[in-house]
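Read the structure below first, then the notes.
The values are calculated or read from the model by the stated rules, or taken from the named source; none is laboratory data. Predicted model, so just to flag it, every value in this text is computed and none were measured. Don't worry about glycine lacking a Cβ; one is built from the backbone with ideal geometry, like all the others, and counts go over all protein chains shown.
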Amino acid sequence: MDFWRVPLDIDAIQVPRGIVTIFEDRCKGCGYCITFCPRHVLNLASRFNVKGYHPPEVIRADDCVNCRFCEIICPEFAIYSTEASPDSPASVPCSCDTIKET
Ligand code: SF4
Ligand code: SF4
């Protein structure tokens, strides 16, 4: 997207990065987190959880901006995001975590 002018402080702005954590077995496969993620970070996994639903999986980890919208919208409290350290480079291998509750 081209802007017609560039903000004066553009170099000072750091876009946060998020680390997404998913509690797979709480998920009911509604897909809200996938549909409404503004950065298209998530996708429906092909595997099933213990309830027989397809949980979300992270497919574009480096694009997460830690807006936490997935966390807010999830009716099952099955997903959340935390801010990654500003030192960690964008090319760090996916640090996203999928948690299986016992
Ligand atoms: S925190 Fe925001 S950008 Fe990251 S996965 Fe959730 S909705 Fe998408
Ligand atoms: S919003 Fe929550 S319950 Fe719905 S698919 Fe995402 S993680 Fe699963």
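Can you report the number of residues in region 3-24 which are in contact (Cβ under 8 Å) with a residue 24 or more places away in the chain and surrounded by fewer than 16 Cβ atoms within 10 Å (Cβ to Cβ)?
Here is the first cut: in region 3-24, the ones in contact (Cβ under 8 Å) with a residue 24 or more places away in the chain are 14-24.
Remaining after also requiring surrounded by fewer than 16 Cβ atoms within 10 Å (Cβ to Cβ): 14-16.
Total meeting the criteria: 3.
For region 61-76, which residues satisfy the criterion of being under 14 Å from the mean Cα position of the chain (by Cα) and over 11 Å from residue 19 (Cα atoms)? Residues satisfying the conditions are 69, 70, 71, 72, 73, 74.
Residues in region 35-60 that are near ligand 1 (Cβ under 9 Å from one of its atoms) and surrounded by 18 or more Cβ atoms within 10 Å (Cβ to Cβ): 37, 41, 42, 56, 58.
Per the listing 27, 33, 67, the residue uniquely in contact (Cβ under 8 Å) with a residue 40 or more places away in the chain and more than 12 Å from residue 79 (Cα to Cα) is 67. Has region 84-94 got at least one residue that is crowded, with 16+ Cβ neighbours inside 10 Å, within 14 Å of ligand 1 (Cβ to nearest atom), at pLDDT below 95 and more than 15 Å from residue 29 (Cβ to Cβ)? So far as region 84-94 goes, yes, one or more of its residues are crowded, with 16+ Cβ neighbours inside 10 Å, within 14 Å of ligand 1 (Cβ to nearest atom), at pLDDT below 95 and more than 15 Å from residue 29 (Cβ to Cβ).
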